[in-house]
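See structure below.
The values are calculated or read from the model by the stated rules, or taken from the named source; none is laboratory data. Small disclaimer: the values here were computed from a predicted structure and weren't measured. A quick note on method: Cβ atoms are made from the backbone with ideal geometry, for glycine too, and the neighbour counts reach across all protein chains shown.
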Ligand code: SF4
């Protein structure tokens, strides 16, 4: 097993160290955010990965969809970069991996989380929860021969977007079925995993009372592991990105929800 000589973590933990992930695992990375305050507890270093199987109508990061990444790095290189900001994390902060979709790169995320946990750093997985095939075979998340069991065991917090409860609505919002997402949520709850649940509220698309109510009931069924439920008001700040990328903006004409609509959605979802 070789290691990257430029990597601080590798210098502290030479190749004989058993926990060093294989150097061949490279993350396809879109970008970093050094002082994230919204994606997990406390102040966090956020790793945005490239590639996503969904095409959410309100996505504000369409530049992460493409699989050719901005760059590739090994887990220890990413950890080195994150450690520069450790002094700002306090007791609650740490590292969040977001996207794109982190579940497309489970080995890399596991490698990074394993190193982070060895350093006593909190880890958060910010995900759509979509894994192809999970609805038909939920054992995909617990099978030790698949990469997800290890990844989930290493995530301190899972931040899960439930974009819609109704299957047709989920498909309309994201282009894919929502069944795998619900299976993922149930599995995390079965593990007792700390979870934050999020819902992007788009008037006329994801603000229907019946679907919000059904989502709220589902979230309550997950139990006390759900620590927080958040409503994220839609905004159209990403339109220039779509124009730059030459992608037609799917929600042209949509408007942000009013404070009253957000409050109603929070109530239906059971957000505290
Ligand atoms: S899951 Fe996230 S990154 Fe992927 S399309 Fe939806 S909002 Fe965008």
Handout entry: Residue check for residue 210: within 16 Å of the ligand (Cβ to nearest atom) and either surrounded by fewer than 21 Cβ atoms within 10 Å (Cβ to Cβ) or touching a residue at least 40 places away in the same chain (Cβ under 8 Å) (or both)
Key = no
Practice task
Determine, yes or no, whether residue 129 is touching a strand residue (DSSP E or B) at 6+ places or on another chain (Cβ under 7 Å), on the phi > 0 side of the Ramachandran plot and away from the ligand (no atom under 16 Å from the Cβ).
Solution key: no
Practice task
Six or more apart or on different chains, Cβ under 7 Å: which pairs go from a residue in the stretch 46-60 that's on the phi > 0 side of the Ramachandran plot to one that's within 9 Å of the ligand (Cβ to nearest atom)? Could you list them?
Solution key: 51/100; 51/101
Fill in the blank from the handout: Residue set 255, 262; condition crowded, with 16+ Cβ neighbours inside 10 Å and at pLDDT 95 or above; output residue 262
Completion exercise
Selection over the stretch 40-61 where residues are within 12 Å of the ligand (Cβ to nearest atom), surrounded by 15 or more Cβ atoms within 10 Å (Cβ to Cβ) and under 15 Å from the mean Cα position of the chain (by Cα) yields a count of 11
Handout entry: Members of the stretch 149-170 that are part of a helix (DSSP H, G or I) and away from the ligand (no atom under 13 Å from the Cβ)
Key = 149, 150, 151, 152, 153, 154, 167, 168, 169
Completion exercise
Filter the stretch 65-103 for residues that are closer than 16 Å to residue 38 by Cβ and within 16 Å of the ligand (Cβ to nearest atom); the one that is farthest from the chain's Cα centre (by Cα) is 96
Exercise for the section: Might you check whether a residue that is crowded, with 20+ Cβ neighbours inside 10 Å, out of contact with any strand residue (DSSP E or B) (no Cβ under 9 Å at 6 or more places or on another chain) and over 26 Å from residue 66 (Cα atoms) occurs anywhere in the stretch 193-205? Expected result: no
Problem - Residues satisfying the stated conditions in the stretch 135-148, i.e. assigned to a helix (DSSP H, G or I) and touching a residue at least 24 places away in the same chain (Cβ under 8 Å) - result: 138, 141, 148
Practice task
Inspect all residues belonging to the stretch 175-187 and state whether any of them is away from the ligand (no atom under 15 Å from the Cβ) and either part of a loop (DSSP other than H, G, I, E, B) or at pLDDT below 95 (or both).
Solution key: no
